[in-house]
Amino acid sequence: MTTDGELHHIVDPRTGRSADAYWRTVTVTASSCVGANTASTAAVVLGEGATTWLTALALPARLVRYDGAVSSTPGWPAAAA
């Protein structure tokens, strides 16, 4: 469920319910579009554990929480000054 009470469009396969709203956006770089989409969707479902999981897979990513906090994994470009 999102922070405003709406259901997320991504379903958590472990529960069959809407994924918990931890990440507002997840962007992943992978060797294919399918791989990037799969990893970003899985990261939304994983919630807080997503950065550790993406790092273990060596996938550069930028993740933004609903409160606006930004996280990234190794390999993601640093923000421009």
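The values are calculated or read from the model by the stated rules, or taken from the named source; none is laboratory data. Only a predicted model underlies this, so the values are computations on that prediction, with no experimental measurement involved. With ideal geometry, Cβ positions are generated from the backbone for all residues, glycine too; neighbour counts draw on all protein chains shown.
Points to keep in mind about this one:
- Test result for residue 51, buried (at least 17 other Cβ atoms within 10 Å of the Cβ) and either outside any strand (DSSP E or B) or touching a residue at least 24 places away in the same chain (Cβ under 8 Å) (or both): yes
- Verdict on residue 17 being without any contact (Cβ under 8 Å) to a residue 40 or more places away in the chain, among the basic types (Lys, Arg) and within 20 Å of residue 7 (Cα to Cα): yes
- Some residue of segment 22-44 being modelled with pLDDT under 95, touching a strand residue (DSSP E or B) at 6+ places or on another chain (Cβ under 9 Å), in a loop (DSSP other than H, G, I, E, B) and surrounded by 15 or more Cβ atoms within 10 Å (Cβ to Cβ): yes
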